[in-house]
Amino acid sequence: MSDNIRVVVADDQEIVRTGLTMILNAEPDIQVVGEAPDGRRAVELAQRLRPDVCLFDIRMPGMDGIEATRRLAGPAVTDPLAVVVITTFDLDEYVYSALRAGARGFLLKDAGTDLLSQAVHAAARGDALIAPNVTTRLLKAFADTGPAGPPTQPIEALTDREEEVLLAVARGWTNAEIAHELHISLSTVKTHVTSLMAKLVVRNRVEIAMWAYETGRTANRA
C-alpha cells in the first residue's frame, strides 16, 4: 500500500481544480489520483478509485457537492469515504447541508496551502478539520437558524472533562491543541472524543461541533 494520501479533487472551474491539484501534489505525502469537473463524475471516480480523501467544491453542475458527499459519505453508505468540502462564506447554508450529508470538514477557498494540507491529512487519519477562522461564525449562524428538529440528548450524561473537550472540538482545535490546553495526553483526548461520539450518537468531530452549537454549549461557555 502506498504511503501517499490519495486524493480526488472536484471543482467545475478548471483553474481552481488545477491549482488545488498543484498545491496538493507539492506535498511529499499527498497524490491527486483523479480530477472531476462535476459531482456526478466525482462520485464515479471516487467509487472506482477509492481515494483516501475527496476534496469537493459545493456548487458544481449536474450534481452538486452536497449530493456527491451524501452518495459517498452519507448515513446510508456502509463504507463511507472521507470528504472535505471547500467553499466560500456566502454559501453557509450549503456547507451546513454538506456536513449533514457526511462531510468530514470544510475550508474556505482562501484558506491557504497550509490549512488545505492540514485538512487533507486530518481527513485521511479519520479526524476532521473545521477551519478555525470560520468555525464560530459559520456554525453559530447555523445554530441561530435552528436545527431541523430538537437536538438529540446524550445517551449518557457528559462528564466535566468531556464538556471541556466538546467545547474545544467546537472551536476547531486539533487533538494536539486540546491535549496542550487541557494538560492531558493525546491518547486521553482521543478517548474523550470517542466517548463523545458514542454518547451523542454522532459519526465524527464535525457532528460533535454542530451538536455543541445546536445545544447552546458554545454560547454558555464563550
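The values are calculated or read from the model by the stated rules, or taken from the named source; none is laboratory data. These figures come from a predicted structure and were not determined experimentally. As a convention, Cβ positions derive from the backbone with ideal geometry for all residues, glycine included, and neighbour counts pool all protein chains shown. All accessible areas refer to the heavy atoms of the entire protein, side chains included, with ligands and DNA or RNA removed. Shrake-Rupley method; radii C 1.70, N 1.55, O 1.52, S 1.80 Å.
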What is the extension gain from A26 to T88, computed as 0.36 nm multiplied by their sequence separation minus the C-alpha to C-alpha distance, in nm to one decimal? 19.9 nm
Heavy-atom accessible area per residue of the range 148-215, all protein chains kept, 1.4 Å probe, expressed in Å², is 49
Ordering 62-74, 11-23 by per-residue average of other C-beta atoms within 10 angstrom, highest first, gives 62-74, 11-23
Stokes-Einstein D for the range 148-215, Kirkwood Rh over Cα pairs, 4 °C, 1.567 mPa s (µm²/s): 109
Quick one: compute the contact order of the range 1-129, relative version, from alpha carbon pairs under 8 angstrom and 6+ residues apart, as a percent. 21
For the range 5-140, give me the percentage of DSSP beta bridges that are antiparallel, rounded to the nearest 5 percent. 0
Computed Kirkwood radius, in angstrom, where 1/r is averaged over Cα pairs of the range 1-130: 14.0
Work out how much length E156 to E177 would gain on full extension: take 0.36 nm times their residue separation and subtract the Cα-Cα distance, in nm to one decimal. 5.0 nm
